[in-house]
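Here is the structure we will look at.
The values are calculated or read from the model by the stated rules, or taken from the named source; none is laboratory data. Predicted model only: the values in this text are computed from it and were never measured. All Cβ positions, even for glycine, are placed from backbone atoms using ideal geometry, and neighbour counts span all protein chains on display. Surface accessibility is based on the protein's heavy atoms, side chains included, excluding ligands, DNA and RNA. Shrake-Rupley method; radii C 1.70, N 1.55, O 1.52, S 1.80 Å.
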Amino acid sequence: MPASDPQSDIGVLRRDGRTDAFFDGAAADRLMIRRCEACDRWFAPDTSACPGCGGEEPAWARSSGQATLVTWTITHGRPREDGTAPEPVVLALVELAEGPWLHTRLDGAGELREGMPLRARFEHPREGEAYLVFRPA
């Protein structure tokens, strides 16, 4: 892949059966997260049971995709074999409007600040699954 392809930094994503609803949503530009129907709590996509009421297998529900920036870090990769430096990557912790916090990648953020409004977007690589990034709203 070309060095400018963001997927070259993260590899090829593949679903594993437990993530089908998340990746089906991502393919259609929809952020799917978990929601416990019994107690109406929202959770990150990797949640397997509700810690509030003990409900097993929370349902998949569509998130608004709106979030706020909680904190971030900027990573600088090793130089490539040809001596060029990869673009820095901004990794972040965001709070979704529904409540859950997600670890994610930020794109096109410019000057960062706590509480910055963000919006979910999806990258659609040539190979593998679409993946989630957040950008300024």
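If you plug the beta carbon distance of THR75 and ASP40 into 1/(1 + (r/R0)^6) with R0 = 30 Å, you get a FRET efficiency near 0.25. For segment 75-137, pairs of C-alpha atoms spaced more than 18 angstrom apart make up 46 percent of the total.
With a probe of 1.4 Å, find how much accessible area the chain has per residue, and write the answer as a whole number in Å².
Ligands and nucleic acids excluded, the result is 60 Å² per residue.
Taken over the C-alpha atoms, the chain has Rg and Dmax values of 16.2, 55 angstrom.
Here the simple spin-label model places points 7 Å from the Cα toward Cβ, and for ALA28 and SER48 these points are separated by 2.7 nm. To the nearest µm²/s, what D does Stokes-Einstein give for segment 17-64 at 20 °C and 1.002 mPa s, using the Kirkwood radius over alpha carbon pairs as Rh? The estimated diffusion coefficient comes to 200 µm²/s. Neighbours of THR68 by Cβ distance under 15 Å: Lys/Arg scored +1, Asp/Glu scored -1, total 0.
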